[in-house]
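Visitor: Sharing a structure with you now.
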């Protein structure tokens with residue numbers, strides 16, 4: 001498995017460098033981690049050796065903020081094989097420390113980075129296959145990983161499960177009613193639209209995605225835009241995608257938001273939600289926010305390299321692809 005990881009990383013570097021991408025490194029210790037409501041960062045306080053007041057630092061959950069600052073400074077195609085950290089995440093597909101491939105390309109949108117990613121995944125699959133073919137077998141599914149991958153709007157995926165997502169218009173109660181009519185429990189009254197969405201999604205949609213070939217789930221509800229732009233001409237949806245294979249989430253990407261005021265509003269909204277959930281409210285990264293207003297048009301994506309390795313080797317658990325999984329010391 002260690003040798004398979006080495007081959008995978010070597011192929012990532014070979015493939016992306018041949019297409020004009022530069023590999024970069026950014027700090028693991030940061031003054032402001034990501035603000036996603038359901039991710040908790042590891043705190044690592046800095047204590048000056050000569051005395052004096054220390055300050056909080058955090059192990060990053062993603063190199064996204066720093067890499068976007070590089071985009072704003074003129075880097076055009078960049079990638080990083082980053083060690084990232086998320087406190088509390090241990091399961092068959094989660095480890096608190098893992099490897100993320102983060103890549104960005106300026107002068108394109110989310111569709112351009114989707115094409116780059118599917119070509120990379122196909123190339124990696126061929127590099128690890130004994131016959132040099134882009135394929136995988138995982139949890140009973142035989143998959144072709146040849147590009148291009150399928151594209152499926154989120155609303156169509158919900159419609160296939162009997163739920164009219166667009167008709168709910170972002171209303172949590174209507175979405176819960178739609179779910180129950182389709183025989184899917186969507187949670188109790190009082191939960192948010194996003195909560196009801198993911199209850200339906202995890203129960204009735206995600207397990208069936210990408211069973212014979214990978215699929216990009218595209219056009220997410222605007223409330224889930226995160227760091228993505230809204231779809232031009234239809235602000236109900238975000239220019240965001242996720243990649244799935246055999247029911248396994250592999251990647252999350254955006255047509256990157258470059259409106260600093262809107263980005264600040266979203267981060268403040270997420271920080272307020274963290275406070276309501278009783279989670280640490282992290283500081284805003286002002287250098288990142290300044291850079292957002294200077295970003296060119298760009299597409300970006302984060303791919304879980306350990307999960308891709310699971311898929312390509314047939315491993316059942318992320319622990320099977322790590323030399324030192326968290327389950328050995330937690």
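The values are calculated or read from the model by the stated rules, or taken from the named source; none is laboratory data. Here the structure is a predicted model, which means the values were calculated and not measured. Here Cβ is always computed from backbone atoms with ideal geometry, including for glycine, and neighbour counts include all displayed protein chains.
Visitor: Which residue out of 183, 187 is farther than 30 Å from residue 127 by Cβ, modelled with pLDDT of 95 or more and not in a helix (DSSP H, G or I)?
Guide: One residue alone meets the criteria, 183.
Visitor: Please state which of the following conditions residue 251 fails to meet, knowing it meets all the rest: (1) part of a loop (DSSP other than H, G, I, E, B); (2) under 19 Å from the mean Cα position of the chain (by Cα).
Guide: Residue 251 satisfies all of (1) part of a loop (DSSP other than H, G, I, E, B); (2) under 19 Å from the mean Cα position of the chain (by Cα) except (1).
Visitor: Could you list, in sequence order, all residues of the range 260-279 that are loosely packed, with under 14 Cβ neighbours inside 10 Å and either part of a loop (DSSP other than H, G, I, E, B) or in contact with a strand residue (DSSP E or B) (Cβ under 9 Å, 6 or more places away or on another chain) (or both)?
Guide: Within the range 260-279, 277, 278 meet the criteria.
Visitor: Which numbered condition trips up residue 72, out of (1) surrounded by fewer than 16 Cβ atoms within 10 Å (Cβ to Cβ); (2) out of contact with any strand residue (DSSP E or B) (no Cβ under 8 Å at 6 or more places or on another chain)?
Guide: Condition not satisfied by residue 72: (1).
Visitor: Only one of these conditions is not met by residue 89: (1) under 17 Å from the mean Cα position of the chain (by Cα); (2) modelled with pLDDT of 95 or more; (3) in a loop (DSSP other than H, G, I, E, B). Which number is it?
Guide: Looking at each condition in turn, residue 89 falls short on (2).
Visitor: A further question follows. Please go through (1) at pLDDT 95 or above; (2) in a helix (DSSP H, G or I); (3) more than 25 Å from residue 99 (Cβ to Cβ); (4) within 19 Å of the chain's Cα centre (by Cα) for residue 238 and return the number of the only condition it doesn't satisfy.
Guide: All conditions are met except number (2).
Visitor: Considering only residues that are in contact with a strand residue (DSSP E or B) (Cβ under 6 Å, 6 or more places away or on another chain) and over 28 Å from residue 247 (Cβ atoms), which ones fall in the range 75-104?
Guide: 76, 77, 78
Visitor: Of all residues in the range 134-159, how many are touching a helix residue (DSSP H, G or I) at 6+ places or on another chain (Cβ under 6 Å), more than 20 Å from residue 115 (Cβ to Cβ) and not in a strand (DSSP E or B)?
Guide: Number of matching residues: 3.
Visitor: Suppose we keep only residues that are surrounded by 14 or more Cβ atoms within 10 Å (Cβ to Cβ) and over 23 Å from the mean Cα position of the chain (by Cα) within the range 118-140. Which one would you say is nearest to residue 310 (Cα to Cα)?
Guide: By that ranking, first place goes to 128.
Visitor: What number of residues within the range 300-316 satisfy the criterion of being touching a strand residue (DSSP E or B) at 6+ places or on another chain (Cβ under 8 Å) and outside any helix (DSSP H, G or I)?
Guide: Total satisfying the criteria: 6.
Visitor: If only one of 33, 48, 37, 27 is closer than 19 Å to residue 301 by Cα, out of contact with any strand residue (DSSP E or B) (no Cβ under 6 Å at 6 or more places or on another chain) and assigned to a loop (DSSP other than H, G, I, E, B), which one is it?
Guide: From the options 33, 48, 37, 27, the qualifying one is 27.
Visitor: Could you say which residue among 297, 285 is surrounded by 13 or more Cβ atoms within 10 Å (Cβ to Cβ), at pLDDT 95 or above, closer than 27 Å to residue 56 by Cα and in contact with a strand residue (DSSP E or B) (Cβ under 9 Å, 6 or more places away or on another chain)?
Guide: 285
Visitor: Which count do you get for residues in the range 303-314 that are in contact with a helix residue (DSSP H, G or I) (Cβ under 8 Å, 6 or more places away or on another chain) and crowded, with 20+ Cβ neighbours inside 10 Å?
Guide: Going through the range 303-314 one residue at a time, the tally reaches 8.
Visitor: Moving to a separate point now. Taking interchain pairs and intrachain pairs at least six residues apart, which have beta carbon atoms under 8 angstrom, with the first residue in the range 19-33 and farther than 19 Å from residue 56 by Cβ and the second in a loop (DSSP other than H, G, I, E, B) and at pLDDT 95 or above?
Guide: 20/76; 22/75; 24/75
Visitor: So how many residues does the range 190-212 have that are assigned to a loop (DSSP other than H, G, I, E, B) and within 19 Å of the chain's Cα centre (by Cα)?
Guide: So the answer is 2.
Visitor: If I go through the range 1-23 residue by residue, how many of them are crowded, with 17+ Cβ neighbours inside 10 Å and touching a helix residue (DSSP H, G or I) at 6+ places or on another chain (Cβ under 8 Å)?
Guide: Residues that pass the stated criteria total 6.
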